[in-house]
Amino acid sequence: MISYKHEIQKSRICWAIAIILATCYLIISITPFIFMVLNSFKERFEMLTKGVFSFPETFYLDNYKEVVSGGFFRYFLNSAVVLAISLCILLFIVACAAYPLSRFRFRFAAPIFSLIVACMSIPIHITLIPVFKMSQAIGFYDRIWALIGPYVAFAIPISTFILTSFMKSIPKELEEAAEIDGCGKIKTFFKIIFPLSAPGLSTLAIYDGVNMWNEFSFAYTLTQSRENRTLPLAIWDYQGEFTMNTPMIMAVLTLSLLPMIILFIIFQDKLVKGMTAGAVKG
Amino acid sequence: MNSLSKLRAQETARVAALFLTPVFLILAIYVFYPILESFRISMYDWNGISPNKTFIGGDNWKDLVVDGHFWKAFRNNLTIMVLSIAIQLPLGLSLATFLEFGAGHKILKVYKVLWFVPLLMSSVAIGFLFTYALSTTDGIITTISKFFGGGNVDLLGNPKTALFTVIMVICWQFTPFYMVYFIASFTNIPYDIYEAAVIDGATRSMYFIKIALPLLKPYIKSAAIMSLVGSLKYFDLIYVMTSGGPGTATELMATYMYKESFSNFNMGYGSAIACGMFILISLTALFTLKVLNRRNTDDLI
């Protein structure tokens, strides 16, 4: 009995320490955001004179107004267009590839799968110069269309991996029944496997969508003018324009984080699950 | 009968080829061909613009092998790799364990949501946010230091602290990822096991060390591999924050390659760096897979 009380006391102390540590980490993790949001509502000199953690005297909205009138939505629109097209192409062709890899038995299935998955460790930088030259050669340089190819290509390995393991979990009986009813392999894909893969595809859409939305290297290399750049580069361009104006940059950062925060609030669990999809052991 | 099954096998192969074609077409255009092309360009002296390039054979490669700048960058990549794994994985696992053991408390849900938020931000945005948040004159650290009577703190401009500071920012960004990953891993441990352990009189710490940790091992391994490959490819955050500076203090293979190719217009040498990076990453990945595979074959991927 005494030892039991002792145990409870010990576990209370452990919990107290754990909660203190957890709170410390919480502070570390959100302080930069507080810094960002607070200062985005300040006037430039207010921040310098009043200090960075003071509450803004008035909610000064001119930073946001100036950012929005400076063509911020153009970046947003470009990102959305690139994302929509790339995702549609990606999901369709990856579904096509995952179908034979997961449901057929043929000799090269394993080596082909390994080859695609091995591409996961390829750094994009080795393709940067040739892709840059290629885009120039076909007149895609400084057009948002140039981004679609590389975005799709570099999302293929992990997506094929995730979707193949998803399709493996679809029961075989459905396919067999379809075959007995005279449904060919191609028709089986469109009528049965593709629709049944919807949950897997939606996970992929989130995972790849977030990555494409935030992609920087290709966008930075393949586009140049403001009207053809995507959202991550908006920050870059505004930074060039307002180097010394911290509140302005904070407004840009807050605005560019906003869509993700909204999505996170609406689809919390689904988004969390999708974003870690690439890490799930197959 | 035999010929019929042969016919079916042929049909299967044909449909498989048809379905695999689009993926391979895109990989060929945007991945396989560019890799070969990069190796080819690495043998030229070329600024990327002028039509005349000079074939110089292996000269770029000879330069690369003795280029201290490149190896310094590689060492920085390795430092990031080691510290990322050493900090992010244990921290992520602790946070996940904390949430797992405290399940049911409402307040923990708030913790979880707020801990997750850094992951919603792009690397570029995080890079800029921290460039300002760590600014010498009015950053967060300087404000804290001034509050305690200290002076300005310049973490990113000092070659001694820059790399470490950048690594802390990387950990700030990715720890939530490993947290969520380990939360998902915890749910894969059957609840019966926990119940059985409790009935047998195990305390929580005993359960964690003796039961949960061994069961999580495969997940920890694949997390380590992800972190490993990711650290070697790292680019955007550091390019935005320091672009490799001050000096070569935070230079990475990728930032060196980028600056050499697109700022100094040494596309030949830039390609050689990219190829060197490709080779080093492939070797590291293969080596790690081999070492880990020796113990248990199907833990991976």
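The values are calculated or read from the model by the stated rules, or taken from the named source; none is laboratory data. For clarity, every value in this text was computed on a predicted model and none was experimentally measured. Positions of Cβ are generated from backbone atoms using ideal geometry, with glycine treated the same way; all protein chains shown enter the neighbour counts. SASA here: full protein model, heavy atoms, side chains in, ligands and nucleic acids out. Shrake-Rupley method; radii C 1.70, N 1.55, O 1.52, S 1.80 Å.
Numbers for the structure displayed
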read-out: Positive-pole candidate from B:16, B:91, B:73, dipole of the range B:1-111, charges at beta carbon; value: B:16
read-out: 3J(HN,Hα) from dihedral phi, the range A:87-99, Karplus parametrisation 6.51/-1.76/1.60, rounded to Hz, x for glycine, proline; value: 5, 4, 4, 4, 4, 5, 6, 5, 4, 4, 6, 5, 4
read-out: Cα-based reach from residue B:217 at 16 Å (exclusive), listing aspartates and glutamates while leaving out same-chain residues under 8 positions away; value: B:298, B:299
read-out: Taking chain B and dividing mean pair separation by its residue count, relative contact order in percent (alpha carbons under 8 Å, at least six apart); value: 29 percent
read-out: Residues of the range A:199-229 with amide N under 17 Å of a point placed 7 Å along Cα→Cβ from residue A:133; value: A:222
read-out: Farthest positive-ward along the protein assembly as shown dipole, Cα basis, beta-carbon charges - from B:229, A:84, B:117; value: B:229
read-out: Listed residues B:218, B:42, B:161: farthest to the positive end of the dipole of chain B (Cβ charges); value: B:218
read-out: Ordering of A:24-31, B:166-173 by burial proxy (mean other Cβ atoms within 10 Å per residue, highest first); value: B:166-173, A:24-31
read-out: Surface per residue (accessible, 1.4 Å probe) for the protein assembly as shown, Å²; value: 47 Å²
read-out: Estimated dipole of the range A:62-279 in Debye, rounded to 20 [Cβ of Lys and Arg +1, of Asp and Glu -1, Cα centre]; value: 560 debye
read-out: Residues listed by number, the range B:168-192, amide nitrogen under 16 Å from residue B:211 label point at 7 Å toward C-beta; value: B:186-192
read-out: Karplus (6.51, -1.76, 1.60) ³J(HN,Hα), θ = phi - 60°, over the range A:201-210, in Hz, Gly and Pro reported as x; value: 5, 5, 4, 4, 4, 5, 4, 6, x, 4
read-out: Point-charge dipole on Cβ atoms (K/R +1, D/E -1) for the range A:55-189, about Cα centre, debye to 20; value: 520 debye
read-out: Candidates A:22, A:234, A:205, ranked by Gaussian network fluctuation over chain A, Cα under 10 Å, top entry; value: A:22
read-out: The range A:141-282: proportion of alpha-carbon pairs further apart than 20 angstrom, %; value: 62 percent
read-out: Chain A - Rg and Dmax from Cα coordinates, angstrom; value: 24.8, 81
read-out: Residues of type aspartates and glutamates that residue B:106 reaches as a straight line, Cα spacing below 17 Å, ignoring anything fewer than 8 places off in the same chain; value: A:269
read-out: Whole-Hz ³J(HN,Hα) from phi, Karplus 6.51 cos²θ - 1.76 cosθ + 1.60, for the range B:33-43, glycine and proline x; value: 4, x, 5, 4, 4, 4, 4, 5, 4, 5, 9
read-out: Cubic angstrom per residue, convex hull over Cα atoms of chain B; value: 235 Å³
read-out: Inter-chain shielding of B:189-198 (mean C-beta neighbours from other protein chains, 10 Å cut-off); value: 0
read-out: Per-pair calculated FRET efficiency, R0 = 25 Å: residue A:26 and residue B:147 via Cβ, rounded to 0.05; value: 0.80
read-out: P(r), alpha carbons of the range B:177-301 - 5 Å bins starting at zero, rounded %; value: 2, 9, 14, 14, 13, 11, 10, 9, 7, 5, 4, 2, 1, 0
read-out: Cα-based equivalent ellipsoid, the protein assembly as shown: semi-axes from gyration tensor eigenvalues, Å; value: 39, 35, 24
read-out: Nonlocal amide H pairs with residue B:44, under 5 Å, H built at 1.01 Å; value: B:56
read-out: Per-residue [θ]222 nm for chain B (sum of -39500 (n - 2.57) over DSSP H runs n ≥ 4, rounded to 500); value: -23000 deg cm²/dmol
read-out: Cross-link reach list, lysines versus residue B:72, counting only Cα pairs under 16 Å and skipping chain neighbours closer than eight places; value: B:160, B:233, B:259
read-out: Average beta-carbon neighbours from other chains, 10 Å sphere, peptide B:92-99; value: 2
read-out: Close Lys-Lys pairs in chain A, where close means Cα under 19 Å and separation is 8 or more or interchain; value: 11
read-out: Simple Cβ-charge dipole of the protein assembly as shown, Lys/Arg +1 and Asp/Glu -1, about Cα centre, in debye nearest 20; value: 1180 debye
